[in-house]
Amino acid sequence: MFVNKKNEKNQDQQRSFNLIATGTDINGNIMTSGDLRIDGRIAGDVSCTAKLIIGENGIVVGNIHCKSGEVSGTVEGRIIAIENLQLNQTATIKGDIESVHFIVESGATITGHCSTNKSLESTNRLPEVKLIDYEKAEAIAE
């Protein structure tokens, strides 16, 4: 049969998984559309449009912007997670955190401000706006 190469390419991008292994040091920014697991050290900003996992030995010195994330290692910088962010008991965060849903296990360390913000959710959704029209009430005399 016929194969649509464009759809096949999009499926490969959606399934991609990237690994920064233990012992790997990267100086510079990282951008990926696939899932990313960091067990090494990154000095730079990380942008991930899928799931980001920072293992127990993982260190990021820079800002993080991801769709969802799970942190067990160390982050020195701001974290913005569009959907979910989970900080496991071994996580150490030095910076501000902003996410729609936020889970913190007992033992995680945070030095910074944390906020949950529903406006981070997908920009594809239009905000619900309700217009209320009312008339000034008048007394009716009988």
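Coordinate-derived values only; no laboratory data. Please read all numbers here as calculations on a predicted model, not as lab measurements. All Cβ positions, glycine included, derive from the backbone under ideal geometry; neighbour counts span all protein chains shown.
Evaluated at q = 0.14, 0.20 Å⁻¹, the base-10 log of the normalised Debye intensity for region 11-120, with identical point scatterers placed on the Cα atoms, takes the values -0.47, -0.99. Counting beta carbons within 10 Å around each of His113, His101 and listing the fewest first gives the order His113, His101.
With 0.36 nm allotted per residue and the present C-alpha distance subtracted, the Thr92-Ala43 stretch has 16.0 nm of extension available.
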